[in-house]
1. For segment 7-49, how many residues are part of a loop (DSSP other than H, G, I, E, B), of a type in the set (V, I, T) and within 60 Å of the chain's Cα centre (by Cα)?
2. Can you tell me which residues in segment 28-57 are within 15 Å of A83 (Cβ to Cβ), open to solvent by less than 100 Å² (accessible area, probe 1.4 Å) and at pLDDT 90 or above?
3. What number of residues within segment 50-69 satisfy the criterion of being in contact with a helix residue (DSSP H, G or I) (Cβ under 7 Å, 6 or more places away or on another chain) and part of a strand (DSSP E or B)?
4. Report those helices (runs of 4 or more DSSP H) wholly inside segment 79-178 carrying at least 2 residues which are modelled with pLDDT of 75 or more and among the hydroxyl-bearing types (S, T, Y).
5. Scan (1) in contact with a strand residue (DSSP E or B) (Cβ under 9 Å, 6 or more places away or on another chain); (2) open to solvent by 60 Å² or more (accessible area, probe 1.4 Å); (3) closer than 23 Å to P130 by Cα for the single condition S77 breaks and write down its number.
Amino acid sequence: SKTGQVLVTDTAGVMRAIRAVIESIPLPEKKAETPAPKPELVVYPLKSADPDAAVKVLEALMPGARFVRDPKANQISAYATPAEQAAAKQVIEQMQTTDGPADQQARFEVYQIDQTDPRQTLATLQPLVPGARISVDPISKKVAAWGTPADHELLKKAVAQLASETDTDDRQVEGYRP
């Protein structure tokens, strides 16, 4: 270990010369110690990127940072230094392209329903596709849904099945002429 000391033993005359040489050596400039930047928490909303894939990429690129996915809120929480946050933001922005395969992009569709209780229809359909956004218009008896093609496939089958259950009702309209 360095102590910053020199031990010299000699006569007084030589000691004065050694002292003059040592004093003529310039002292190294002390570098100001900058503390390491403190990590901070930032939440990044995701528009089209897959939270699981984004976290895997971010963890591979920045192993010192912590990333947590929240698929329900469709966001990623990042606990990292400001430099890592800037890099994470760039990575997430690159992953948020809407140029993905057309068969995986979310889209809007409307379905006609014939059930008498639209709220019950919503309560039935929403658990089938938790990632989709569904609303029911009780006046026009239509279901509006924003979701992936897989979500719409499930919704289409469920609405058809609900309609067929309604069709098997024993109600019948008959007309009589006098």
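1. Going through segment 7-49 one residue at a time, the tally reaches 2.
2. If the condition is that a residue be within 15 Å of A83 (Cβ to Cβ), open to solvent by less than 100 Å² (accessible area, probe 1.4 Å) and at pLDDT 90 or above, then P39, E40, V42 are the ones that fit.
3. 2
4. Ranges flagged: 118-125.
5. (2)
The values are calculated or read from the model by the stated rules, or taken from the named source; none is laboratory data. Here the structure is a predicted model, which means the values were calculated and not measured. Every residue, glycine among them, receives a Cβ derived from its backbone with ideal geometry; neighbour counts consider all protein chains shown. With ligands, DNA and RNA removed, areas are computed over all heavy atoms of the protein, side chains included. Shrake-Rupley method; radii C 1.70, N 1.55, O 1.52, S 1.80 Å.
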